[in-house]
Structure formats: structure tokens, C-alpha cells
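The values are calculated or read from the model by the stated rules, or taken from the named source; none is laboratory data. Small disclaimer: the values here were computed from a predicted structure and weren't measured. Cβ placement follows ideal geometry from the backbone for every residue including glycine, while neighbour counts extend to all protein chains displayed.
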């Protein structure tokens with residue numbers, strides 16, 4: 001029993017060591033990709049994720065520090081609603097670059113963004129559609145304009161819903 005216990009403790013220690021090493025590597029990659037995504041989405045600035053206790057990587061709280069263009073470095077808690085949303089989008093896409101998903105549903109992810117940032121988000125997502133198919137639920141025109149296909153639900157008469165679909169390449173958009 002004592003030998004089995006010692007073997008298990010040794011195995012657990014080895015597994016924890018491997019997990020710490022793998023986490024540290026992935027965390028560094030995510031941090032780099034987050035910085036790049038942030039700069040692209042914000043049109044400048046810088047961002048990083050930090051472990052508050054680097055000696056205990058698996059249990060450490062994580063802090064997000066960002067510096068939107070023209071502002072000083074600050075914690076994410078001090079950002080506006082739109083800046084929060086755009087920062088979260090940047091982090092989401094950094095994570096997706098590390099572990100890509102073939103299909104992703106985003107439900108009004110850009111709702112808090114102003115029009116300029118909606119267009120920036122739409123361009124960003126459009127440039128990442130090679131390996132992931134995006135379904136974006138939105139009411140924002142800028143996002144819809146970047147789509148390949150639009151689906152909508154209309155209610156022409158009370159209680160009767162109809163599905164509408166449209167390929168944007170087949171439609172001339174008036175400005």
C-alpha cells in the first residue's frame with residue numbers, strides 16, 4: 001500500500017509538472033496572439049494577459065492589461081463598455097488561434113461597439129473565415145454588410161414567422 005501510494009504521488013507530481021509546463025507555453029502563445037489581435041482590432045495600442053502569481057501557474061489569477069491607442073496602460077476594469085467588448089473579442093480570437101474551431105456562433109458579440117468598431121470587427125472576422133465558419137447573430141449593419149449570406153426571420157402576419165435568406169453577392173447594395 002505504501003509503495004502504491006508513493007507511486008501515485010510521484011505520478012501526480014510528474015503530471016502536475018507537465019501541466020505547468022504546457023500551460024506556461026500555451027499562456028505565452030495566447031498572450032502574444034492577444035496582443036496582435038488587440039492591435040488589429042483597436043488600430044493600435046497594446047494588450048497582455050499576466051499571471052498574478054507566476055510561481056503557481058495553475059492556480060494563479062489572470063490580469064488583463066490594455067492600452068487602447070491614445071490612452072494610458074490600465075486594467076480592463078477601467079474600460080468603457082465598447083472597449084470591454086472589443087478586448088474580449090481580441091482575447092476570444094487569440095484563444096481560437098491556439099485551438100481553432102471549425103464552426104462558431106457569435107450572438108450579438110459586437111452589440112456594445114460604435115459603428116467604426118463594428119466595421120473593424122466585421123473586417124477582422126471576415127479575414128478569419130478560412131478555417132472557421134462564423135454564424136453571427138446581429139442587428140448591426142456593418143456586420144451584416146461583411147456577411148456572405150444573411151438569414152432573417154420576419155413576421156408578416158401575427159403569429160406566422162417566415163425565414164428569409166439572401167446571398168449578398170446576388171444583391172446590389174445602395175449607399
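Of note:
- Count of residues meeting criterion [under 21 Å from residue 15 (Cα atoms) and touching a helix residue (DSSP H, G or I) at 6+ places or on another chain (Cβ under 8 Å)] in segment 48-73: 3
- Filter pass, residue 123 being within 20 Å of residue 101 (Cα to Cα), surrounded by 10 or more Cβ atoms within 10 Å (Cβ to Cβ), out of contact with any strand residue (DSSP E or B) (no Cβ under 7 Å at 6 or more places or on another chain) and not assigned by TED's automatic domain parsing to the domain that holds residue 91: yes
- Looking across segment 142-167, the residues that are out of contact with any helix residue (DSSP H, G or I) (no Cβ under 8 Å at 6 or more places or on another chain) and surrounded by 12 or more Cβ atoms within 10 Å (Cβ to Cβ) come down to 144, 166.
- Filter result for residue 76 (within 30 Å of residue 118 (Cβ to Cβ) and either touching a helix residue (DSSP H, G or I) at 6+ places or on another chain (Cβ under 7 Å) or surrounded by fewer than 12 Cβ atoms within 10 Å (Cβ to Cβ) (or both)): yes
- Looking at 44, 13, 82, just one residue is touching a residue at least 24 places away in the same chain (Cβ under 8 Å) and over 16 Å from the mean Cα position of the chain (by Cα), and that residue is 44.
- Any hit, segment 65-79, residues being under 14 Å from the mean Cα position of the chain (by Cα) and either part of a loop (DSSP other than H, G, I, E, B) or assigned by TED's automatic domain parsing to the domain that holds residue 32 (or both): no
- Count - residues of segment 93-113 that are in a loop (DSSP other than H, G, I, E, B) and touching a residue at least 12 places away in the same chain (Cβ under 8 Å): 9
- The one condition in (1) in contact with a strand residue (DSSP E or B) (Cβ under 6 Å, 6 or more places away or on another chain); (2) under 25 Å from residue 127 (Cα atoms) that residue 52 fails to fulfil: (2)
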